[in-house]
Amino acid sequence: MKLNKLLFEKHLNEKWSAKVCPMCGYNKWTYDDILCTPLTIGPNNSINLGGKIMPLVPVTCTNCGNTIFINALVAKACEPDREE
């Protein structure tokens, strides 16, 4: 899965009205590529591999490091890997 940066940035600009960090009040952010979450919490707080995978994009405040995650599927910013 690959992140379409143009579609992701369009989604952020349309949906994120207050781009101010809730932790420090700064308003400059950066983002990375898609992270997948193949971990789930099982009985007695055990960590299990497998289960539902969510393609998340970490968006990080460049001042304090506060990080939020945006679901790339909801943002419609995912592209399948293409085999050449």
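The values are calculated or read from the model by the stated rules, or taken from the named source; none is laboratory data. Owing to the predicted nature of the structure, the values given are computational and were not obtained by experimental measurement. Ideal geometry is used to build each Cβ from the backbone, glycine not excepted, and the neighbour counts take in all protein chains shown. Calculation scope for accessible area: heavy atoms of the full protein, side chains included, ligands and nucleic acids excluded. Shrake-Rupley method; radii C 1.70, N 1.55, O 1.52, S 1.80 Å.
Summary table below
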| item | result |
| --- | --- |
| Members of the stretch 54-81 that are part of a loop (DSSP other than H, G, I, E, B), in contact with a Ser or Thr (Cβ under 6 Å, 6 or more places away or on another chain) and exposed (fewer than 15 other Cβ atoms within 10 Å of the Cβ) | THR62 |
| Answer residue from the stretch 1-47, given it is more than 26 Å from PRO80 (Cβ to Cβ) and not in a loop (DSSP other than H, G, I, E, B) and is least open to solvent (accessible area, probe 1.4 Å) among those | TRP29 |
